[in-house]
Amino acid sequence: MQQLASKSFTPHRFPISVKMFHVMAAEGAFAPTDRVELIDGEIFNMSPIGNIRARCVDFLNRYLSKIAGTEYIIRVQNPIVLDDDSEAQPDISILRYRDDFYKSETPRPRDVLMVFEVADTSVEFDRNIKLPRYAAAGIPET
């Protein structure tokens, strides 16, 4: 018994890939009302969308859609695959225009011109976790 107690246990992290994340979603691992995103192989709950945040996103969507015209795609709270281990859901993203509106694949950093995170309760997470991931993926800072 003493021999068992002397062995140390080191927990290991088992990161989730974007592919595994999609399989989990397809198999019902998340409730339809769950708002989650995958960052660096970890699944995070997203903050609730409050009234002020919703109004700000709606305003940005309307404004950006007007100035973007038909040259760009404005997406609201839809995923972007940053790499094999991260699929973020920025509040707003401006994408290069594609006729299929990204039907065949989720946008990648090469498709993204700009992202917007509207933060009220999620400022620290957005600033310290998500923004560095966008930068590391090559999405320009504005």
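Place a +1 charge on the Cβ of each Lys and Arg in segment 23-78 and a -1 charge on the Cβ of each Asp and Glu, then give the dipole magnitude about the Cα centre in debye, rounded to the nearest 20. List each step's numbers first, then the result.
Numbers: 6 positive and 7 negative charges, 95 e Å.
Dipole size: approximately 460 debye.
Could you pull out the longest piece of the chain with no exposed loop trypsin sites (Lys or Arg not before Pro) in it, calling a site exposed if DSSP puts it outside H, G, I, E, B and it has at most 10 other Cβ atoms within 10 Å? Working shown, then result.
Values: sites that count: Lys7, Arg13, Lys103.
It runs 14-102.
For the chain, what is the relative contact order in percent, using Cα pairs closer than 8 Å and at least 6 residues apart in sequence?
Averaging sequence separation for qualifying contacts and normalising by length gives 20 percent for the chain.
Among Tyr102, Tyr72, Tyr63, whose mean-square fluctuation peaks in a Gaussian network model of the chain (Cα, cutoff 10 Å)?
Comparing Tyr102, Tyr72, Tyr63 in a Gaussian network model of the chain, the most mobile one is Tyr63.
Which option, (i) 16.3; (ii) 16.8; (iii) 15.6, is the value of Kirkwood radius over Cα pairs in Å that was calculated from these coordinates?
Given (i) 16.3; (ii) 16.8; (iii) 15.6, the structure-derived one carries the label (ii).
Give me a comma-separated list of calculated 3J(HN,Hα) values for segment 113-125, in order, Karplus coefficients 6.51, -1.76, 1.60 applied at θ = phi - 60°, integers in Hz, x for any Gly or Pro.
Result, rounded to whole Hz: 8, 6, 10, 10, 10, 9, 10, 10, 8, 10, 4, 5, 5.
If you keep only loop residues by DSSP, which GluC sites (Glu not before Pro) in segment 8-108 have at most 15 other Cβ atoms within 10 Å of their Cβ? Don't skip to the end; give the middle numbers.
Details: sites: Glu27, Glu37, Glu42, Glu71, Glu87, Glu105; in loops: Glu27, Glu71, Glu105.
In loop regions of segment 8-108 (DSSP not H, G, I, E or B), the sparsely surrounded GluC sites (Glu not before Pro) are Glu27, Glu71, Glu105.
Please list Thr10, Thr106, Thr33 from largest to smallest accessible area, probe radius 1.4 Å, with all protein chains kept in place.
Details: Thr10 85, Thr106 40, Thr33 120 Å².
Greatest to least solvent exposure: Thr33, Thr10, Thr106.
With n ≥ 4 as the cut-off for DSSP H runs, can you work out [θ] at 222 nm for the chain, using -39500 (n - 2.57) per run divided by the number of residues, rounded to the nearest 500? Numbers along the way, then the final one.
Values: 4 runs with 38 residues, N = 142.
Calculated mean residue ellipticity at 222 nm is -7500 deg cm²/dmol.
In nm, give the distance between the simple-model label positions of Arg55 and Gln77, each being 7 Å from the Cα along the Cα-to-Cβ direction.
1.7 nm
From the backbone phi of segment 75-91, what are the Karplus-calculated ³J(HN,Hα) couplings (6.51 cos²θ - 1.76 cosθ + 1.60, θ = phi - 60°) in whole Hz, Gly and Pro given as x?
Along segment 75-91, the couplings run 10, 10, 6, 10, x, 10, 7, 7, 6, 5, 10, 9, 9, 8, 10, x, 4 Hz.
Pick out, from Leu38, Pro90, Val23, the residue whose Cα sits farthest towards the positive end of the charge dipole of segment 17-141, with +1 on the Cβ of Lys and Arg and -1 on the Cβ of Asp and Glu.
Pro90
Could you please tell me the mean projected area of the C-alpha convex hull for segment 87-128, averaged over all directions and given in square nanometres to one decimal?
Computing the convex hull of the Cα atoms and averaging its projections yields 3.4 nm².
What dipole magnitude, in Debye to the nearest 20, does the chain give about its Cα centre under +1 on Lys/Arg Cβ and -1 on Asp/Glu Cβ? Before the final figure, lay out the partial values.
Working: 17 positive and 21 negative charges, 21 e Å.
Here the size comes out at about 100 debye.
What's the tally of Lys pairs in the chain whose alpha-carbon atoms lie under 26 angstrom apart, where the two lysines are 8 or more places apart or on different chains? Could you put the intermediate results ahead of the total?
Working: Lys19/Lys103; Lys19/Lys130; Lys66/Lys103; Lys103/Lys130.
Final tally of qualifying lysine pairs is 4.
The values are calculated or read from the model by the stated rules, or taken from the named source; none is laboratory data. Bear in mind that the values here come from a model prediction, so they are computed numbers and not experimental data. Positions of Cβ are backbone-derived with ideal geometry, glycine not excepted, and every protein chain shown enters the neighbour counts. Note: accessible area is taken over every heavy atom of the protein model, side chains too, but ligands, DNA and RNA are not part of it. Shrake-Rupley method; radii C 1.70, N 1.55, O 1.52, S 1.80 Å.
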